[in-house]
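Notes follow once the structure below has been shown.
Read the figures in this text as sums done on the coordinates, not as results from a lab. The model shown is predicted, which means the values in this text are computed figures rather than measured ones. Counting neighbours? That spans all protein chains shown, and the Cβs are built from the backbone with ideal geometry, glycine included.
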Amino acid sequence: MMIDLLLNGLVSVPAGFALLTWLASGRERLAVVTAVLGAFATFAWSLWLAAAYDGPLGGSGSTIDVVWLESLDIHWKLGVDGISVPLVLMTTLVFVTALLSLVRYAPAVAEGGPSRTASLAALLLVIEAGVLGSFLALDMVLFFAFFEVALIPMWFVINTWGDPADGPARRRAATRFLLFTVTGSAVMLVGFLLVWGGADTFDITQVAATYTPSGATALAASLLVGIGLAVKTPLWPLHIWLPDAHSKAPTVGSVILAAVLLKLGTYGFLRFWMPITSPEWLLVPVVAALAVVGIVYAALACLAQTDLKRLIAYSSVGHMGFVVLGAATFTVGGVQAAVFASVAHGLITGLLFFLAGAIKDRYGTSDLARLKVLYGTVPRLGGVFVFAAMASLGLPGLAGFWGEMLAIRAAVEQAAVLPEDTYRWLAFIAALGVILTSAYFLALVRGMLQGGPMTPVTAATEVDATVELVADAVPAGPGAVAGERAMVDVRGLEWATWAPLLLLTLVLGVAPGLLLTPVADAAVSFLGGIG
Amino acid sequence: MSWVVLLLVALPFTSAALSLYLGHRGELAERGVAVGASGLGLALAAAVAFPHLGDAEPLGRVFASTSAAGPPIELSVYVDQLTAVMLLLAHTVAFLVQVYSLGYMAGDRRYPSYAALISIFTGAMTLVVVADDMWALLIGWELMGACSYFLISHHWELREARAGAVKAFLMTRTADLGLLFAIIVLGMRFDTYRISTIMGEIAAGGFGRDELWLPALLITAAVIGKSAQFPLHTWLPDAMPGPTPISALIHAATMVAAGVFLVARTFPLYLSAPAALTTLGLVAALTMLVSAVYALFTQDLKRVLAWSTVSQLAYMFAALAVGAYAAGVLHLLAHGAFKALLFLAAGSVVHAVGTTSMSAMGGLRDKLPDTFITMTIGFGALAGVVPLVGFFTKDAVIGATWEAALHGRLIWPWVAWVLFGSAVLTAVLTVAYSLRAWLLVFFTPAAAPATFDTEVPEPHEAPLSMKVPLYLLTVPTVLGGLLVAYPELVFGPGEYDLTHPWLAAVMTLLVALTAALVAWQWQRSGGRDPWHPFVLPHPAVDRIYDVGVVRPVEWLARMVRAGDRDVIDGYADGAGIATRGIGWLFRRAQTGNVQTYLMVVVVGACAVAVAAGVAG
């Protein structure tokens, strides 16, 4: 019975605190503190759940199953296994950092209205409840319902607290986000209904165990679910809503969007798409190919970006490509790679968006043409940024490496029924994407952190003479870039919010086994025959 | 003992974290941590290394592993003779570089991050040499690339530093993909990532000639990038804007040496795949000559040394390509000693005159007496003067190619002949460029100070912290030849065949002749540059990369950006009927957030209904 409490609690604790926050919204300070407490409570709860759950999915140690709407055959079925626990923990942690940052860095509201930070905090907790519910739901309709709960408050977040400087663009971004994702999830629901027509159940564990996808209807179902998830992930070319949404959202919104909401799509691919898809279909290599196109395309797009937040947003498209590539190999190794890359991306890109927010706070812009020589003005912030950039470009020893390398490995060692040569080429192209990713991050570091006005040092007579010992050349003062405001380096609260992400990036990079082992066990028991 | 190995890996990283944390909180703390930890590291390295030299059983241990699908990824160490000598080399040079940096980097505002990066660099190299799991090796391998990126761009205000750093990172990382795919391929083939197991199985036989050509060639690609061999040789000279002690570390004991180490570590694989050996040999033959020519003409002291590193690394690969394992590894050690010496001495020169251009040096013999003595020994070893270490190891390498050309069966004789010819010619060029640089720095009368840097004070000898490492490094440079005479001390009992007396005699004659010629030419030119200073165009391959890779990528990136803005945005907005329609509905719903939500729910419900109809 303990597990009932834990599973239901994980959804209702953030929901309850959202209610409390909303009730307290008359006194903003109190409300925000309540929300932070709620995030901490949820995090603690998720740790408890991670420690307490036991046994494979569907067993009584990890799953609850209550008939919810009997006439529609919909169950309130929640459960955890090694695939969802890492995502749950990552989610609760990221929400702690996001809400903590609200204590000081409340986003401004356009048109000079009251800041309404309490409402924002409450909405974030609602999103958290929705996301956690999606990660726990084992009933397809329940998954859809939680999915919607997570998506719709995000529209308010972007529309209300987004970039105050550019109202029309903000509203367009918010609307486009909603249109794409809601249409996507509607399509996904249709797919689920088609599966129900074939399997006679919405229970995904039963589907995974008994349903054999074959025939046109099954293919259509897989395609529809795939499209719905591909919008959310996003998979190229359905990514077009993402750069606007991520770059116009307030900092916490971008963090949540990138770190958590994208994972609904990737998790959906693992939990709800793989069991209803037969690797013998042409659809699977096509999905893998789209993922790889996304990797390269996003890296190229990043190379040409002129806005920091847009750049980070596009980089997400590439990282998600690795996740989908892993899933589309239909191997245990691919599932490992997908979960690892999802968690790593949550930590690293969450951190990157926090940093972008911090930079935007200080310099009033995220335009790369105007951001120069951050090493000279805010060296610690620059240091953290370069760490995050290294992690994101997949430096071994940090979390970003394992997911992507294992995805490439999985593509080389794809499931036996898949076309071998195709996948090997895809692996090779994905690896080139890794190089392009390095290239744009280095270009970013060079332009934003190091670059700027400097004295020429080339001696006129010799092409190859280098001069050194000019260390005390002082970069252009902060005034040149940011008007009169003095630049403050990383503040205490910022350290507090970033430190968990930094540390975990390092820990997972050094000890990947922490994640890989449970994920593989869960993948074997959930997906059975694969790999 | 195996825990000590683990500690040895962890120590530099801990010290780096401490250096960064203590930051600018006091000189004693930051300097004490950096130097103390590297000293402790050297002691631990010695404790691990000495019991495993000579006739000793290798130490292997697995600490942890993933229990998952596919071969497990492990935290495991393996210490054999090769690991032992590499540990000694890396930690000795790292320690001396840290000590040297006390003087060289005194007053640098970024000393904490500099010291921390050297520590991480050392830790990464340690990981590479002790790792028994290929993924762990890859971590160290790429971590070194990142460290060198940061250290090259230490003076990030300089355009050259920024560009050189990016170039180094991208070139080596691209080549590293070879190692990644080699790991994947070997893992599939052997169902393990443990290097000792894989090499043991290959050495035990049962594999056809060139059956494993693919992983061997993939590793070769990674090695070519890391060790800056043709056609990826251009990043190393461009890495020179980094602080000079870093160059000593990169060139002598870590980064580029790791390439040679990897070939030595996977030597059974190479022996089973002559295709890879042939590739390696041809690359080495070309690289050693080309880079020696560059070294001959460049006007920049550090670039002379950088090109000579590329050239000397090619010697090591030449030895390995003809199957002469001991000769290759010994030349790596010898080169580690004298190149660290040369770079640190060059640092001392740069410290004194404030530039790396040799045209601004000259006549420093009296002003920098200690630097003069030690650097002379270093140049002598590089040129292969009897009885310095370079003479013995170079002779061993050239002898090995000679033997292979006459009666080797591993690779085609013509490849060995090419290697032999190239090695002899390069030896001559090495004498020429070493002597020229030596003369230009220490003997040629100093040029009149140019008007624009009259503020440069009179050159002065370096502080003690910089001199001591120089003198310490002369010890192995002078006495290292003993190892060639007694290789059993390192590798254990066996047949080595490292000395070739008459070949050595001929080479010495050649060295003397070349030296005489250069000296005569120098005299004739009135004590100035012995030949016309001649700026070779920047390596032509760079141009090819620029036109063939960089520009197309930039063009594509612009296309993609434009495409995303215009074309795909077109369909997003052009699904515009929907957008506008719903936007209109939103507006109809007045200000209502609640109404919007309801709208969405209605749309969703409609979709459900339609679908239910279809499915039902």
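Brief remarks follow.
- The modelled label-to-label distance between B:ASP546 and A:THR212, using points 7 Å beyond Cα along the C-beta direction, is 6.3 nm.
- What you get for segment A:93-212, charging only the Cβ of Lys and Arg (+1) and of Asp and Glu (-1), is a dipole of about 480 debye around the Cα centre.
- Between the listed residues B:TRP402, B:TYR471, B:ALA295, the Cα displaced farthest toward the positive end of the dipole of chain B, a dipole computed from Cβ unit charges relative to the Cα centre, is found at B:ALA295.
- Where labels lie 7 Å past Cα in the beta-carbon direction, separation of A:VAL286 and B:ALA47 in nm: 6.3
- For B:HIS407, B:HIS233, the sequence from fewest to most other C-beta atoms within 10 Å is B:HIS407, B:HIS233.
- Rounded to the nearest whole Hz, the Karplus-based 3J(HN,Hα) values (6.51 cos²θ - 1.76 cosθ + 1.60, θ = phi - 60°) of segment A:6-15 follow the sequence 5, 5, 5, x, 4, 8, 7, 4, x, 5, with x at glycine and proline.
- C-alpha long axis of helix B:369-383 to longest principal axis of chain B, angle in °: 80
- Peptide A:392-400 is shielded by partner chain Cβ atoms: per residue, an average of 5 of them sit within 10 Å of its Cβ.
- In degrees, nearest ten, helix A:308-327 long axis to first principal axis of chain A (Cα): 30
- Only one residue of B:TYR270, B:ILE73, B:ALA505 has its Cα farthest out toward the positive end of the dipole of chain B, where Lys and Arg carry +1 and Asp and Glu -1 on Cβ, and that residue is B:ILE73.
- Spatial separation of Cα centroids for segment B:416-445 and segment B:346-405, in angstrom: 10
- Rounded to the nearest 20 debye, the dipole size of the protein assembly as shown about its Cα centre is 2200 debye, using +1 on the Cβ of Lys and Arg and -1 on the Cβ of Asp and Glu.
- Helical runs (DSSP H, four residues minimum) scored at -39500 (n - 2.57) apiece and divided by the length of chain A put the mean residue ellipticity at 222 nm at -22500 deg cm²/dmol.
- Between A:LYS77 and A:VAL66, A:LEU138, A:ASP139, the built amide H atoms are under 5 Å apart, and every one of these is 5 or more places off in sequence or on another chain.
- Computed extension gain for B:LEU482 through B:MET188, at 0.36 nm per residue and net of the alpha carbon distance, reaches 101.5 nm.
- At an R0 of 35 angstrom, the distance between the Cβ atoms of A:ARG29 and A:ALA499 translates into a FRET efficiency of 0.90.
- Chain B: angle of helix B:159-190 to the longest principal axis, Cα-based, in degrees nearest 10: 80
- Legend: calculated FRET efficiency, B:VAL62 to B:VAL506, from the Cβ-Cβ distance at R0 = 45 Å, rounded to 0.05, equals 0.35.
- If you take the Cα centroid of segment B:126-187 and the Cα centroid of segment B:26-66, the two points sit 22 Å apart.
- Take every pair of alpha-carbon atoms less than 8 Å apart whose residues are at least six positions apart; their mean separation over the length of chain B yields a relative contact order of 13 percent.
- Ranked list, fewest to most other Cβ atoms within 10 Å of each Cβ, for B:PHE491, A:PHE135, B:PHE63: B:PHE63, B:PHE491, A:PHE135
- Residues A:TRP402, B:TRP555 arranged by fewest to most Cβ contacts within 10 Å: B:TRP555, A:TRP402
- Straight-line cross-link reach from B:LYS394 at under 19 Å between alpha-carbon atoms covers these lysines, not counting any fewer than eight positions away in the same chain: B:LYS339.
- Highest average packing first - B:128-139, B:9-20, Cβ atoms within 10 Å: B:128-139, B:9-20
- In chain B, excluding the sites themselves, the longest stretch lacking any of the GluC sites (Glu not before Pro) that are in a DSSP loop with at most 13 other Cβ atoms within 10 Å is B:212-454.
- Placing +1 on the Cβ of every Lys and Arg and -1 on the Cβ of every Asp and Glu, with nothing else charged, gives chain A a dipole about its Cα centre of roughly 1260 debye.
- Here the Debye sum runs over all C-alpha atoms of the protein assembly as shown as equal scatterers in vacuum, and log10 of I(q)/I(0) at q = 0.04, 0.05, 0.07, 0.10 Å⁻¹ comes out as -0.23, -0.35, -0.67, -1.23.
- Spin-label pair A:LEU69/B:VAL475, simplified geometry with 7 Å Cα→Cβ offset, distance in nm: 8.2
- Bridgeable aspartates and glutamates around A:LYS77 (alpha carbons under 14 Å apart, same-chain partners fewer than 8 residues away excluded): A:ASP4, A:ASP65, A:ASP139, A:ASP203.
- Taking packing as the residue-averaged number of other Cβ atoms within 10 angstrom, the listed peptides B:84-96, A:232-244 run from highest to lowest as B:84-96, A:232-244.
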